[in-house]
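What follows is a single structure, written as structure tokens, with notes after it.
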């Protein structure tokens with residue numbers, strides 16, 4: 001399985017970035033370049049430069065995190081549940097569109 005970069009999730013409240021030793025090393029809400037610079041500086045010489053984003057179960061149930069989605073899925077907003085029924089149309093506009101000449105067709109003389 002490939003790796004999934006959680007670049008977008010990094011700045012969300014409830015997510016922390018840690019190094020291999022489990023130590024937090026940066027304010028995750030900082031920009032991407034500041035995050036990477038702090039990660040490089042905090043990694044001991046000779047070790048692989050890597051970090052992990054972690055969150056708790058409560059966060060993961062509320063927010064999407066990479067490829068993981070919240071569960072149970074949030075209900076539809078009230079406005080989406082009460083959409084008005086589509087009104088029947090007379091068809092006049094559709095008939096007018098059908099008889100319009102095709103602008104890409106070669107001109108006839």
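The values are calculated or read from the model by the stated rules, or taken from the named source; none is laboratory data. Here the structure is a predicted model, which is why all the values come from computation and not from measurement. Cβ coordinates were reconstructed from backbone atoms using ideal geometry, including for glycine residues, and neighbour counts include every protein chain displayed.
Structure values in brief
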| quantity | calculated |
| --- | --- |
| Scan of segment 28-39 for residues that are surrounded by 10 or more Cβ atoms within 10 Å (Cβ to Cβ) and either in contact with a helix residue (DSSP H, G or I) (Cβ under 6 Å, 6 or more places away or on another chain) or not in a loop (DSSP other than H, G, I, E, B) (or both), ordered by number | 28, 29, 32, 34, 35, 36, 37, 38, 39 |
| Candidate set: segment 5-27, residues that are assigned to a loop (DSSP other than H, G, I, E, B) and over 13 Å from residue 65 (Cβ atoms); chosen: the one nearest to the chain's Cα centre (by Cα) | 27 |
| Search result, residues across segment 31-82 that are on the phi > 0 side of the Ramachandran plot and at pLDDT below 90 | 66 |
